[in-house]
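Novice: Please see the structure below; I have some questions.
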Amino acid sequence: MDLKENLKVVIGAGEHNNNPEWLQTQENELNLLRRVDWEDKFLPNSLEAVLAEHVWEHLTYEEGTEAAKICFDFLKPGGYIRCAVPDGFFPNEEYQEGVKVGGPGPKDHPAASHKIVHNYKTISSMFEEAGFNVTLLEYCDGNGKFHFNNWDEKKGFIYRSKRFDHRNQNGNLGFVSLIVDAVKPL
């Protein structure tokens, strides 16, 4: 398969393939911070979309901005990054303990390598610094109020979201993500 022809890419796909029509990648194949990985697989301005569900929190703010700049160079004008991260403004103590920088416990815990817990302001400014226009899809404001703007899962399915996460039932939010579309201007 010539990867240069794939137009939609999942970063850090993990074991679940929630976007089967998309190219699934792992960090050892396509590192967000290694431009050479991108150059080996894609042409500049060639990708329609990049999806990253709970990946960007494993980068510092500065690394996240650099990764966004690399993605920007490989996205077509009008292309986008759909990014979901833990939400630093979600008012749930247990949730915040589980997603905090450095994680809640053992080194093998998924959150052990978290370097930042974003809120809608930090994630927006990070992508804007890289040149993107940001649309907030799901997020908590500074008062902890949850906001939802309808989004099309066919443009990048996010499991850890209001509609799809099994922990969110009967109108109660058990687990949310801060979800944005960062769009490369035309």
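The values are calculated or read from the model by the stated rules, or taken from the named source; none is laboratory data. The shown structure was predicted, so the numbers you read here are calculated from the model rather than taken from an experiment. Every residue, glycine among them, receives a Cβ derived from its backbone with ideal geometry; neighbour counts consider all protein chains shown.
Novice: Select from the range 25-72 the residues that are in contact with a helix residue (DSSP H, G or I) (Cβ under 8 Å, 6 or more places away or on another chain) and part of a strand (DSSP E or B) and write down the one among them that is nearest to HIS114 (Cα to Cα).
Specialist: VAL50
Novice: Can you list the strands (runs of 3 or more DSSP E) found entirely within the range 82-186 that contain at least 1 residues being at pLDDT 95 or above and among the hydroxyl-bearing types (Ser, Thr, Tyr)?
Specialist: Where strands (runs of 3 or more DSSP E) fall fully within the range 82-186 and carry at least 1 residues being at pLDDT 95 or above and among the hydroxyl-bearing types (Ser, Thr, Tyr), they are 133-140.
Novice: Now a separate question. List every residue pair whose Cβ atoms lie under 9 Å apart, where the two residues are 6 or more positions apart in sequence or sit on different chains, the first residue falls within the range 97-125 and is of a type in the set (Lys, Arg), and the second residue, located anywhere, is at pLDDT 90 or above and surrounded by fewer than 19 Cβ atoms within 10 Å (Cβ to Cβ).
Specialist: What qualifies is LYS107/SER113; LYS115/THR60; LYS115/TYR61; LYS115/GLU63; LYS115/VAL101; LYS115/GLY102; LYS121/GLY142.
Novice: In the range 6-27, is there at least one residue being surrounded by 20 or more Cβ atoms within 10 Å (Cβ to Cβ) and charged (D, E, K, R)?
Specialist: no
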